[in-house]
Amino acid sequence: MDGDDPWAVLRAATRARVALGRAGDALPTHRELEFRAAHAAARDAVHSPLDVDAVRAALGGEVLTVASAAPDRATYLQRPDLGRQLADGTALPRTGADLAVVLADGLSPRAVQAHGPALAAALLERLPGWSVAPPVVATQARVALGDAVGEALGVRAVVVLIGERPGLSSADSLGVYLTWDPRPGRVDSERNCVSNVRPPHGLSYAQAADTVAALLSAARELGASGVALKDEGPVLPAGGVS
């Protein structure tokens, strides 16, 4: 850290693009190159396909796979509605379990590849007594695809681990969406979200799993999720997360 730079402390405390400096009326060359590299990483995160076999191997055991009604990535990006529907002919076993966990590529397959299996394992460790359907890996998927998956599996709740829209400082951020009594037609206000799971710069797997497990227990007691269910857990540790 440069002691002559008054902005060094702020830059060290955040991943945001702050105090970039000036070269005349423009950014310094190295800051411009950093921006272009970050933009390229974000684009790559959107377009790189999910390695389904690697995710299945990391999960271990029985794993189900599904695809949305979007036949390819270009269609997925242009038609969000198709990403919320299962492909024609999709067949899933009726499990009657308490919970289904869906790992969906979303807008950053890279995030699911990097964080999905570990977060799923951390979450299930915190849910003793819950019956859980085989995990589902979903491609060309939006959040609401979890509702169709949950209804097909016959579960009481679904948790979707999905790659979030990449930013210029976070191309691998994972989001978690919880819906009680999933079925097509559910709206965003009927879900709970925990976002920015990406250690070491965002939430750790343990922090995210603790929060989601607490929300699931509260949803089971309440019989609802979304705006009816509030996260009343402890605040972040002093200093929060960067």
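Values as computed for the structure displayed
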read-out: Test result for LEU92, touching a residue at least 12 places away in the same chain (Cβ under 8 Å), part of a loop (DSSP other than H, G, I, E, B) and open to solvent by 10 Å² or more (accessible area, probe 1.4 Å); value: yes
read-out: Residue check for VAL66: surrounded by 14 or more Cβ atoms within 10 Å (Cβ to Cβ), modelled with pLDDT under 95, outside any loop (DSSP other than H, G, I, E, B) and within 18 Å of the chain's Cα centre (by Cα); value: no
read-out: Hey, ASP98 touching a residue at least 12 places away in the same chain (Cβ under 8 Å) and within 21 Å of TRP180 (Cα to Cα) or not; value: yes
read-out: Leading residue by the ranking (farthest from ALA171 (Cα to Cα)) among those in the range 96-147 that are charged (D, E, K, R) and open to solvent by 10 Å² or more (accessible area, probe 1.4 Å); value: ASP98
read-out: Selection within the range 173-224 - buried (at least 22 other Cβ atoms within 10 Å of the Cβ) and among the charged types (D, E, K, R); value: ARG186, ARG191, ARG198
read-out: Pair list, Cβ under 8 Å, 6 or more apart: the range 3-23 residue part of a helix (DSSP H, G or I), other residue open to solvent by less than 60 Å² (accessible area, probe 1.4 Å); value: LEU10/VAL18; LEU10/ALA19; ARG11/VAL18; ARG11/ALA19
read-out: Boolean, ARG220 is of a type in the set (Lys, Arg) and in a helix (DSSP H, G or I); value: yes
read-out: Answer residue from the range 1-35, given it is at pLDDT below 75 and in contact with a Phe, Trp or Tyr (Cβ under 8 Å, 6 or more places away or on another chain) and is most open to solvent (accessible area, probe 1.4 Å) among those; value: ARG17
read-out: Given (1) crowded, with 16+ Cβ neighbours inside 10 Å; (2) of a type in the set (A, V, I, L, M); (3) modelled with pLDDT of 95 or more, number of the condition ALA38 does not satisfy; value: (3)
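The rows are residues; the columns are (1) in a strand (DSSP E or B); (2) more than 13 Å from the chain's Cα centre (by Cα); (3) not acidic (Asp, Glu).
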site: ARG110; (1), (2), (3): no, no, yes
site: GLN113; (1), (2), (3): no, no, yes
site: LEU119; (1), (2), (3): no, no, yes
site: GLY129; (1), (2), (3): no, yes, yes
site: ALA138; (1), (2), (3): yes, no, yes
site: ASP147; (1), (2), (3): no, yes, no
site: VAL155; (1), (2), (3): no, yes, yes
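The values are calculated or read from the model by the stated rules, or taken from the named source; none is laboratory data. Predicted model only: the values in this text are computed from it and were never measured. Heads up, the Cβs are rebuilt from the backbone with ideal geometry, glycines too, and the neighbour counts pull from every protein chain shown. Quick note on the areas: whole protein, heavy atoms, side chains included, nothing else; ligands and nucleic acids left out. Shrake-Rupley method; radii C 1.70, N 1.55, O 1.52, S 1.80 Å.
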